[in-house]
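No value in this document is a laboratory result; all are computed from the given coordinates. For clarity, every value in this text was computed on a predicted model and none was experimentally measured. Because the Cβ atoms are built from the backbone with ideal geometry, glycine has one as well, and the counts that use them run over all protein chains shown.
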Amino acid sequence: MKRTISILTLICGIAAIQSCKKDTTFLITETSVGPLTQTTRVADIKTVFVQDSVVADSTQINLGVSPKKMEVYEKGGKHLLTLKANSDSIPTIENVRIMDPRYVSDKGVSLQSTFKDIQNSYEIKKIVTTLNSIVVFPKGSNLYFTIDKEELPEGLRFSSSNIEAVQIPDEAKIKYLMVGWE
C-alpha cells in the first residue's frame, strides 16, 4: 500500500512539474523565436523545424550554397516564419519575419497587437518613415514593428516627413513583426 502511494505521489509530482513548464513553441525573446535561436546555423534549420516544412531556393542548395531566404510552414500549410541568413562563413539567421499571430514576444506583443500595446510594453527608441509604412524600433530590443501608413490619419498617409509617436493612433495595427540579429 505504501509503495502504491509513493508511486502515485511521484507520478503526480512529475505531472505537476510538466504542467508548470512554459510552452515556448511560439515565444519570441531577444535571442530566440520559438525553437530558433540567435546562434542557430542555417545548416541546422531543417532539424530545428523537424515537425514543419522548410522551403528554400533549391538552386542555391543544389550548388552547395546556403540559401539566403527560407520560409517555414506548418505541416498544414500555414506560413510561420520567413528567415534571412547572413553571409558569414558559417551562416546563421540574421532576420526573422513573423508570419503567424500565435508568436508572442516575452512582453506580450504579437501581430494581433496595436501601437498602444507596443508603447505599453516597450520604450520607443525611434520611428522611421518609409514610403508606405512606419517602422517602430524599441529601445534595447532586437524586435521591430512595421505599421502600414493606411493605419495613420489621412493627413499623414502620404507624408514623407518624420512621424512621431504621438501622431500614431493607439489602435494602429501591426503589419509586420520582425526580429533582427546582427
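In what sequence do ASP106, ASP23, ASP100 fall when counting other Cβ within 10 Å, fewest first?
Numbers: ASP106 13, ASP23 7, ASP100 17.
So the residues, fewest neighbours to most, are ASP23, ASP106, ASP100.
Describe numerically, in nm with one decimal, the distance between label points set 7 Å from Cα along Cα→Cβ at LYS78 and at THR37.
It works out to 2.6 nm between the two label points.
With the cut-off at 27 Å, tell me which of the pairs LYS68/LYS175; LYS46/LYS139; LYS69/LYS116; LYS84/LYS125; LYS75/LYS116; LYS75/LYS149 have Cα atoms farther apart than that. Present the calculation step by step, with values, prior to reporting the outcome.
Values: LYS68/LYS175 23 Å; LYS46/LYS139 32 Å; LYS69/LYS116 32 Å; LYS84/LYS125 24 Å; LYS75/LYS116 34 Å; LYS75/LYS149 33 Å.
Violating the 27 Å limit, Cα to Cα: LYS46/LYS139; LYS69/LYS116; LYS75/LYS116; LYS75/LYS149.
Once amide H atoms are built 1.01 Å from N in the peptide plane, which residues 5 or more positions from LYS175, or in another chain, come under 5 Å H to H?
Close amide H contacts, sequence-distant or interchain: THR146, ILE147, ASP148.
Just to verify a number: FRET efficiency for SER87 and LYS107, C-beta to C-beta distance, R0 = 30 Å, to 0.05?
Values: r = 31 Å, r/R0 = 1.03.
My answer for the efficiency is 0.45.
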